[in-house]
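One structure is given here, and the rest of the page talks about it.
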Amino acid sequence: MTDQAEPTESTESTPPPASSAPQRRRRRDLMLLGVLVLVLIGLIVALVVRNAGSSDQASSTTASAAPATFGPLGDLSRRQADDPRALGEVDAPVTMVVFSDFRCPFCAAYARDIEPQLVEKYVDTGKLRIEWRDQPIFGKESELAARAGWAAAAQGKFWEFTTDVYADAPQTGHPDLPIDVLVQHAEAAGVPDLDRFRSETLSDRYAADIAADAAPTEEFGIIGVPAFVIDGEPIVGVRPIETFEVVIDQYLGGR
């Protein structure tokens, strides 16, 4: 009986070989997996830190380069005598290029609150010329509205059309401007041939013109609307009237 009991005690105190091997392999696999996870976390942290440092350096470089980018060589005016999307004399001493989107509520705020004051003080007195540029960034209806602006301009009603669209704009959010709504604005603005207006708005006739308008925004890094370039100096966003006056007066130089 002693010979029979000894193997039994030995079997109970030591796990069977058949079950210990899989357990050891599982422990080993779990340890290896843990090590790999830690290594991966370390690599991710290092990469994030390095990229953050690169971003900070890039931002600093861009900021320091901005004055050179928007110097006198940044004057984006065209000064075309027959430009129906311009206000003021073609030879006015100062020009302000306005990048705008018909669906932008802040562009509407500028058009309603700031632009009339600039027109009265500077444009009507021959000191400033304002030139419009399309920057349709809020989707397909923004692009459609930009084409509508050109279609209205072709019939001599660009600024009337612009005024009517922006007068109806909400304080926040982007208004819906499908073709039927644009035709309503054109009618209110006094566009004489509405069928022509509709046809040109729905066509690609002005696609190249709109692309040419927006091209400088990429070249000069102008982001967002509204954006203004006064004789090469940028103003981004809606600002108090005094901000525009300071820059305009600076370039007028007492003229």
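The values are calculated or read from the model by the stated rules, or taken from the named source; none is laboratory data. Since this is a predicted model, take the numbers as computed values, not measurements. Because the Cβ atoms are built from the backbone with ideal geometry, glycine has one as well, and the counts that use them run over all protein chains shown. When the accessible area is computed, the model is the full protein with side chains, heavy atoms only, and any ligands, DNA or RNA have been set aside. Shrake-Rupley method; radii C 1.70, N 1.55, O 1.52, S 1.80 Å.
Structure values in brief
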quantity	calculated
Heavy-atom accessible area ranking, 1.4 Å probe, most first, across Arg133, Arg112	Arg112, Arg133
For region 92-236: relative contact order, % (alpha-carbon pairs under 8 angstrom, 6 or more apart)	35 percent
Computed label-point distance, nm, for sites Arg79 and Glu219 using a 7 Å Cα→Cβ extension	1.7 nm
Residue list for region 100-126, given a label point 7 angstrom along the Cα-to-Cβ vector of Asp91 and an amide N cut-off under 19 Å	123-126
Sequence of Ser199, Ser100 from largest to smallest accessible area, 1.4 Å probe	Ser199, Ser100
Set of lysines near Lys140 by C-alpha distance (under 26 Å), chain-local residues within fewer than 8 positions excluded	Lys157
Dipole of region 109-255, positive end: most advanced residue of Gly232, Ile222, Gln184 [Cβ charges, Cα centre]	Gly232
Rounded percent of accessible protein surface that carbon and sulfur make up, region 84-170, 1.4 Å probe	50 percent
Charge context of Pro136, other residues only, Cβ under 10 angstrom, K/R +1, D/E -1	-2
Size of region 112-209 as Cα extents on the principal axes (Å, biggest first)	38, 30, 26
Two-site label geometry, Asp180 and Glu245: point separation in nm, points 7 Å out along Cα→Cβ	4.5 nm
Simple spin-label estimate for Arg205 and Ala167 in nanometres, 7 Å along Cα-Cβ	2.5 nm
